[in-house]
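Undergrad: One structure follows; several queries about it will come next.
The values are calculated or read from the model by the stated rules, or taken from the named source; none is laboratory data. Small disclaimer: the values here were computed from a predicted structure and weren't measured. Virtual Cβ from ideal backbone geometry, glycine too; neighbours counted across all protein chains shown.
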Amino acid sequence: MPGSRTGRPPVQRAVRRPATPRASRENPLRRLYTRAHRAWDRPLTAYYLILGGSLFIIVLGLVMVYSASQITALQMSLPGSFFFRKQFLAASIGGVLLLVASRMPVKLHRALAYPILAGAVFMMALVQVPGIGMSVNGNQNWISLGGSFQIQPSEFGKLALVLWGADLMARKQERRLLTQWKHMLVPLVPVSFLLLGLIMLGGDMGTAIILTAILFGLLWLAGAPTRLFAGVLSIAGVLGFILIKTSPNRMARLACIGATEPKTGVADCWQAVHGIYALASGGLFGSGLGASVEKWGQLPEAHTDFIFAVTGEELGLAGTLSVLALFAALGYAGIRVAGRTEDPFVRYAAGGVTTWITAQAVINIGAVLGLLPIAGVPLPLFSYGGSALLPTMFAIGLLIAFARDEPAARAALAMRQPRFGRKRGAGGPRGPRRWNTMRRRAPVARSSGER
């Protein structure tokens, strides 16, 4: 037969197809998950989450403060941008504090712990001095600085407890004293109760709850046993029950949990109900920025404690979920920094700051949603209030400094090279590597030319 000398038909060999790479045979969702996991596990992930998340919250908060405070300012015969300008000034000063704190070494953070604690205790004591302290909304916890400027010292007490408590627990851990429950409690719990007592003298139970959360966060990071937690929690619970039971205002707030319509009597739940109305009327994408109806005299404290409700009305479910996602990312980054460090002070300080911001956000948002009693605490980095914004931005600067100080993050930052301004043939690993490559290739090119 043609094509074969032996008369047999030619054997047709199977053509081998190139092997499909294993990565291409994987499920696309699996590949997407793998890439996301690798990107999420990079050394600078926590750094970018803290920096980017906090800046997004602050910028969005400024926009919402401007939108939510215009009507209140006009009702007080003030310019419509009055509260926004004050908040922008506080954010500018806070930005300087954030930058300074992010560039400070850890030793300087520890050195500032005792001066900040002493200053906070002194200012919180001045609040109770007649003629110096002033009352706002029934709480005696403000100091007038002249004109329309006021300061709330209890906000700086949160930062003081975080820094001082972190330094105290770190020193005791270095001396291996935290195995004894006495060293774990003393003097951390007595000093915390001193701050709580000064706050409760002014009637600010919301800030007292956050300080209690910071205390429990430090004890949990120190490895406190369950019995110790139960004992301290029982004492705090009994004191809280007495304080709530003896105050008609706090009992009224407790009765407004889950209210969906105004009531008659002492607890009319007007603020809680109209907060729910604002969230419900926002829909999926909201009524539009600046188009809130509840801020026209229906919702009290629209630009402070209930700014999350105005956000839900104007930006809808998409806006509120974005805010929740930003706080969740900030909380995750803080936990990651606390879990990956080898420095005990960094672990306690990062955990304390994360507990502070997360607990305050949960209390504020829970009150707006009607799941928790209205505690009168602002949404951190978002609500109007310079006294709350300044120490919180300083605390964010601490987290940024800690995230940059991780060994892997430090190595990743050290490997970076500036794109512009690099001299030719000098500086950085790229210059020598390029010169060595050219020097190795030169003899090869010359010899090929001779041939």
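Undergrad: Would you be able to tell me the number of residues in region 106-141 that are outside any loop (DSSP other than H, G, I, E, B), closer than 23 Å to GLY385 by Cβ and either in contact (Cβ under 8 Å) with a residue 12 or more places away in the chain or touching a Phe, Trp or Tyr at 6+ places or on another chain (Cβ under 9 Å) (or both)?
TA: 16
Undergrad: Here is a follow-up. Please verify whether ILE151 is closer than 22 Å to TYR114 by Cβ and either touching a helix residue (DSSP H, G or I) at 6+ places or on another chain (Cβ under 6 Å) or among the acidic types (Asp, Glu) (or both), treating the condition exactly as stated.
TA: Yes.
Undergrad: Considering every residue within region 329-352, establish whether at least one is crowded, with 23+ Cβ neighbours inside 10 Å, over 30 Å from GLY138 (Cβ atoms) and polar (S, T, N, Q).
TA: So far as region 329-352 goes, no, none of its residues is crowded, with 23+ Cβ neighbours inside 10 Å, over 30 Å from GLY138 (Cβ atoms) and polar (S, T, N, Q).
Undergrad: Out of everything in region 379-414 that is in a loop (DSSP other than H, G, I, E, B) and modelled with pLDDT of 95 or more, what residue ends up being farthest from MET123 (Cα to Cα)?
TA: Only one residue fits best here, namely PHE382.
Undergrad: Just to be sure before I move on: is ALA272 assigned to a loop (DSSP other than H, G, I, E, B) and either β-branched (Val, Ile, Thr) or touching a residue at least 60 places away in the same chain (Cβ under 8 Å) (or both) in the structure I sent?
TA: no
Undergrad: Let me ask you something else. Does region 208-226 hold any residues that are within 17 Å of GLY165 (Cα to Cα) and of a type in the set (Ser, Thr, Tyr), and which are they?
TA: THR212
Undergrad: Which of the following residues is without any contact (Cβ under 8 Å) to a residue 40 or more places away in the chain, among the hydrophobic types (A, V, I, L, M, F, W, C) and in a helix (DSSP H, G or I): LEU194, LEU163, LEU219, LEU177?
TA: Just one listed residue meets the conditions, LEU219.
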